[in-house]
Every structure is written in C-alpha cells, then in structure tokens.
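Remarks on the structure that follows.
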Amino acid sequence: MAENHAQNRAKLISETRRRFEAEYVTDKSDKYDARDVERLQQDDNWVESYLSWRHNIVDETLKMLDESFQWRKEISVNDLNESSIPRWLLEIGVIYLHGYDKEGNKLFWIRVKYHIKDQKTISDKKKLIAFWLERYAKRENGKPVTVMFDLSETGINSIDMDFVRFIINCFKVYYPKYLSKIVIFDMPWLMNAAFKIVKTWLGPEAVSLLKFTSKNEVQDYVSVEYLPPHMGGTDPFKYSYPPLVDDDFQTPLCENGPITSEDETSSKEDIESDGKETLETISNEEQTPLVKKSNPTESTSKAEENEKVDSKMKAFKKPLSVFKGPLLHISPAEELYFGNTESGEKKTLMVLTNVTKNIVAFKVRTTAPEKYRVKPSNSSCDPGASVDIVVSPHGGLTVSAQDRFLIMAAEMEQSSGTGPAELTQFWKEVPRNKVMEHRLRCHTVESSKPNTLMLKDSAFNMSDKTSEDICLQSFTRKQ
C-alpha cells in the first residue's frame, strides 16, 4: 500500500511538472521568476504541497501554481530581505515569529493594535508578511505555523479587511499546507460581522481552523510559557528590533551540567567522557565507511578505550531516519525521541556524518538552553567521519514538544585549526550564506524510542523510514 502511494505521488508530481511547463511556462515565462520554475522541477515537497491543498486534482493545482508564481514575481519574494522592509515597520513589532503552540508549531504573531489602515503603507506591510513567511518556509520546509491574531486593545482604525484577506490568501494560495490554525484572541464585538466575511474567504474546510479565544481558552492551544502576560502567560519576551527576532535558539546552559541527586552516577560518567569529541558507535561491518579520530599517543590503550565506549553506548540506539544535507547527514531527520522518567531512557542520540572532503565545524543550539545538556555542542567533524552527540534533559526537567534543536554547520579550510579558540573565531567570520542549518523537534515516548535500533547492520537498511512509519511503530507497541 505504501508502495502504491509513493508511485501515485510520483506520477502526480511528474504530471504537474510536465503540464505546467507545457501549458503555462511556454506562454507566460515572463510572468514567473525563473528561480521558482526551476525549484518546481527539483523540489518534490513543494509540488506536493500545492497538490495536497487541491486534493491531488492536477487542473486545480496548475491554476494555483499560476496565481502563486505570478504573485511571487510581482512582490519579488525571492529577493526580499531586511532592507526591503522600511525600518519603522520592523521596529513596531506588528508581525513576527516567536514561540510554539502545544503541538510544536511555530507561532506567527500579528499584533493588530499596531496596524493602522493606510493605503500608503499596505504594500510594505504585505511585503513584511511575505518576508517572514518566506524566511520561515526556507528554513522549515513544510512545517506549519499557528497564526496568533492578537486583537487586544484594537480600535476601529485597525480594522483592515484588505490586509486580513491578503493574510488568508497567503495560506490558501501562496504558502499551502503551512497553516495549522488561526487563534483569534480577544476579538471586539464590533468585529463579529467582519469575521463572518473572513469565514467565507477561508472556505468550509478551513473554517474549522479558526479558534476564537479569550484569556481562558487561549491556553488550550498555547502553554503559558509562550504567552505574554496580557494573555495570562509568563513569557517575558519583549519584541525589539534590531536584530530580527529569530527562532530563539541559544547555546545549551552547560555541556557538563551540574550533578543532580536524581541521576548522579550517569552525570559523573558523562563528565568523565567530556574530553571525547566523538563516540565511536558504528562498527566496521556497517555499509558506510567512517574515518575514526585517533590519538597516536594513546594507541596502547585502544582496545580498552573501545571496550569502554562500546559498553557506554549500549544504552543508546541508532537513529533510523536521516536528513541528507549538503555538508552533514543528520540522524534522526526530524524528531529527537526521549524516553520518560519511568522508561529509564531519558537521553537520546544525534549522529552527524560529514559528507564533504573538508573538515566541517558544527554547533548545536536549543530553544531551552537551561533544560538540556548537549555533548559535544561545539566541535568539528573530519571528512567522512561521524560524531555522536548525546542530548539529555538536565535533572528532572521535562522534555516538551515545543523544544527545538538547531544544528549549524560550515566547511573549514584545510589549514584551519579546530581548537576552541579557532572554532570561536571561525564562527565569527563565516558568512551566513555558507552555514547549513537543520532543525529538530522533540518527542517523548512511553517506552523505548520507536525510531531507533540497537547498533546493528540493519540500522542502515532502515534509514529511509518516514515519520509516519515511526509513529505507526509507536502505536503498535502500545497496543
């Protein structure tokens, strides 16, 4: 069944590409950005997002692509950057990304009280929406957002139906599949009639995505840690610019982490192994050859060292799914699975494999730096080698679906040193466009991690499993 689904998907994607090229690009090539046309031919997920939103009806998908691509060229989406947006508009904080809902979706904030209806500025405000959505789409590639329409303290001058309709169209036509839900907070009674019109724009299937909330209901969708005080939350975040509000990733509080009574033995073992840049977990029998780091001065104790590492790593399991980036292959691909306290498997493993011919520097950041220990969090990986990164919750803190990890990587010159001082200087100087980034979500399972296997040859044979396969395994084991 899965095989048939994959074949049908490939067939629909191929037909969409062929027909769009033949029926639209030939006649309207000047109406599209060539970069979008090229991406359509290369990015299966992008094609599928349009197909899915149009229920796999190719004719409807082609019309949607035509409208979307014309808009993208008209507003120059591929060239939008900070300098495209008036500074005053970035400073007031009417639109930005910050925090996560309870399902782990990024929050896209629209503070309506800061918006004044004005035909002279509406074009710039639309560009600001497009700038944030395109910036997010390039980073997250299909992961939905939850729109937070904050209508508190909103007056009649802030009601702008043209602007609202544009936002709706962004998710209906320009960024399909990116909408999780629209949470409308503290809507004034005078806007009741206006939002009846909004429902017609959304269409019957999307109306269910509208969530009208007050201070009591909004916490059904977003936990207090990501809600501002006026919504009953505890988030101390205050919008300011510059710089741009990013994804709130920070360096973990401490790689070692203070020893806690709950897990003292484990913490001591971790601290003793801090000097190891890598944990050699892949056996020589596996399919992918990896270059192991070694120190000639320690050759006499190599056997004992390997035995110690093998013993330590029996507690970990090999992640199945793999994200294949241009510099690093990262496993798991999308989610870090943690066991709960009862399961006894609170730690998880992240594996980075260098697929370049140069040394790759990497660092790991998280949205909850006080909650996790990451070892190593800032190091380098030799060509063809792998680095195993151990991620563990600090003390008794609970893993949350809202938590995120960011892996940043960049190629180093062959002559560059890889010590702490050299790495610090490297990250200060490396151009932003040379940095590969990949984000991982967090997930807690009741029993052993469903997306992992013990370190055996079969781990590589199963590396293409999808998140759906992983979830299915989880539910099967519980039954």
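Please treat every number below as a calculation from the coordinates, not as lab data. Treat the numbers as computed from the prediction; the structure is a model and nothing was measured. Here Cβ is always computed from backbone atoms with ideal geometry, including for glycine, and neighbour counts include all displayed protein chains.
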Backbone HN-Hα couplings from phi across the stretch 92-97 [Karplus 6.51/-1.76/1.60, Hz, Gly and Pro as x]: 6, x, 6, 9, 6, 9
For Gly99, residues with placed amide H under 5 Å, excluding near neighbours: Leu107
Segment Ser84-Lys357, length gained on full extension (0.36 nm per residue, minus Cα span): 94.6 nm
Three-way shape label, the stretch 87-231, alpha-carbon gyration tensor, a/c 1.5: rounded
Amide H contacts of Leu210 (H built 1.01 Å from N, under 5 Å, at least 5 apart or other chain): Ile182
Efficiency of FRET from Cβ geometry, His55 and Ala421, R₀ 45 Å, rounded to 0.05: 0.20
Cut-off 12 Å between beta-carbons: net charge of the residues surrounding Ala10, Lys and Arg +1, Asp and Glu -1: -1
Residue (of Met187, Pro86, Ser152) at the positive-pole extreme of the stretch 77-203, dipole from beta-carbon charges: Met187
Fully extended contour minus Cα-Cα distance, from Lys199 to Phe237, at 0.36 nm per residue: 10.5 nm
Amide hydrogen neighbours beyond the local backbone of Glu335, cut-off 5 Å, H modeled: Arg441
Distance (nanometres) between label positions extended 7 Å along Cα→Cβ at Asp220 and Arg19: 4.0
Contour excess over end-to-end distance, with Cα ends at Arg35 and Trp71 and 0.36 nm allotted per residue: 11.6 nm
Separation between Cα centres of the stretch 4-29 and the stretch 61-106, rounded to whole Å: 26
Net +/- balance of residues flanking Asp162 in space, Cβ distance below 15 Å, scoring K and R +1, D and E -1: +3
Ordering of 113-125, 325-337, 87-99 by burial proxy (mean other Cβ atoms within 10 Å per residue, highest first): 325-337, 87-99, 113-125
Per-residue ³J(HN,Hα) for the stretch 367-380, Karplus 6.51 cos²θ - 1.76 cosθ + 1.60, θ = phi - 60°, Hz, x for Gly and Pro: 7, 10, x, 7, 9, 10, 10, 10, 9, x, 9, 8, 7, 9
Which listed pairs, of Lys11/Lys357; Lys31/Lys113; Lys106/Lys126; Lys126/Lys199; Lys31/Lys106, have C-alpha distances above 26 Å, in listed order: Lys11/Lys357; Lys31/Lys113; Lys31/Lys106
Radius of gyration, Dmax [the stretch 323-444; alpha carbons; angstrom]: 14.8, 48
Vicinal HN-Hα couplings computed from phi for the stretch 432-438 (Karplus, 6.51 cos²θ - 1.76 cosθ + 1.60; Hz; Gly/Pro x): 4, 6, 9, 9, 7, 10, 8
Alpha-carbon centroid distance for the pair the stretch 321-400 / the stretch 136-195, whole angstrom: 34
